[in-house]
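These notes concern the structure reproduced below.
The values are calculated or read from the model by the stated rules, or taken from the named source; none is laboratory data. For clarity, every value in this text was computed on a predicted model and none was experimentally measured. Counting neighbours? That spans all protein chains shown, and the Cβs are built from the backbone with ideal geometry, glycine included. When the accessible area is computed, the model is the full protein with side chains, heavy atoms only, and any ligands, DNA or RNA have been set aside. Shrake-Rupley method; radii C 1.70, N 1.55, O 1.52, S 1.80 Å.
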Amino acid sequence: MNDKIKEYSSLIEEKLYKYFEASLPEYKILFDSMEYSVKNGGKRVRPLLTLLFYNACGKDDVLKAMPMAEAVEYIHTYSLIHDDLPCMDNDDFRRGKPSNHKVYGEAIALLAGDGLLTSAFERISVWSLAGLYDAETAVKAIHELSVYAGARGMIGGQIIDIGNENNPNADFDNLKLMDSLKTGCLISVACALGCIAAGASQDLIDSAKTFGEKLGLAFQIKDDILDVTSTLEKLGKMTGSDKENNKSTYVTLLGIEKCEELVKQLTDEAMNALDVFPYNEAIKEYANYLADREY
Ligand code: GRG
């Protein structure tokens, strides 16, 4: 694995939990619950992409992009906590451990998700007030994040997903729209945030988004493949859940072989968007790693 990927991954692990150290004693349980899910061993795909894109813009002081990386991982974690709730997917396991509501109960899990969502905007704005980002950079980052994580982005994808429950006939275009929103948007904005933190041009920000859109779809198709081919031990969550929920997926529509081809094709297309970046080697390596991943 590329040295930069290793270095940034350990930086992320070092910084991601600082926020929870300053928990309020009167209701520490909320911070414990937020920390439980953040600490719970995710792959850190999104914050890593933020740091890698910051670096790809020619910047080395990656700590400057860390609040953006934290923000996107907190939003990702909130989405997983809420997604596991009984009113959504009702999943008892996440990343091989009991899901948040199984440990803390539904009410606290709901609030932990709310706390993480809002803390994302706190992370960026507090560092801007401290002088790390100028006001325009912070507003741009907050704007992009709120659009991509909100009703026009990730939440929109979740609504389409709910509409597809018990609809094994959803077609390719429906799945593509759902996943572009549900999965692609947060990955896209993670890439864009790295460029925004670096003060990059709109051209670079747009290319980062294009990369994220393609990679996000490849990532989701791979996720659907692993739901069929992997195991609970490797994935840390129940496999076969799509079949059990009677859901149409890329695998049910196209079969595994065609899906593997599509992952490769979308990953290649994502790479094409990287030509404009001065330093893109680490991102290319990471995109290939994600396409070949087993969990
Ligand atoms: C706000 C309820 C709510 C939902 C928003 C993102 C989302 C929609 C729901 C989360 C569940 C899900 C399966 C989303 C698809 C994207 C995806 C494959 C998430 C898993 O991301 P990984 O593999 O997770 O990066 P880790 O555990 O590694 O962090």
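When you check Tyr19 against the structure, is it away from the ligand (no atom under 16 Å from the Cβ), over 17 Å from the mean Cα position of the chain (by Cα), open to solvent by 20 Å² or more (accessible area, probe 1.4 Å) and within 12 Å of Glu73 (Cβ to Cβ), yes or no? Working first, answer last.
On the way: away from the ligand (no atom under 16 Å from the Cβ): yes; over 17 Å from the mean Cα position of the chain (by Cα): yes; open to solvent by 20 Å² or more (accessible area, probe 1.4 Å): yes; within 12 Å of Glu73 (Cβ to Cβ): yes.
Here the answer is yes, as Tyr19 does meet what is asked.
For the range 209-243: of the residues being at pLDDT 65 or above and of a type in the set (A, V, I, L, M), which is most open to solvent (accessible area, probe 1.4 Å)?
By that ranking, first place goes to Val228.
Residues in the range 72-92 that are more than 11 Å from the ligand (Cβ to nearest atom) and open to solvent by 20 Å² or more (accessible area, probe 1.4 Å): how many?
The total comes to 3.
Restricted to the range 177-208, and to residues that are open to solvent by 10 Å² or more (accessible area, probe 1.4 Å) and of a type in the set (Gly, Ala, Ser), which residue is nearest to the ligand (Cβ to nearest atom)?
Only one residue tops the list, namely Ser180.
Need pairs with beta-carbon distance below 6 Å; first residue surrounded by 15 or more Cβ atoms within 10 Å (Cβ to Cβ) and within the range 245-269, second of a type in the set (Phe, Trp, Tyr) and at pLDDT 90 or above; sequence gap 6+ or separate chains.
Pairs found: Leu253/Phe172; Cys259/Tyr250.
Can you tell me which residue among Glu122, Glu144, Glu136 is modelled with pLDDT of 95 or more and surrounded by fewer than 14 Cβ atoms within 10 Å (Cβ to Cβ)?
Every option except Glu136 fails the conditions.
Would you call Ala69 open to solvent by less than 10 Å² (accessible area, probe 1.4 Å), closer than 22 Å to Leu274 by Cβ and away from the ligand (no atom under 16 Å from the Cβ)?
no
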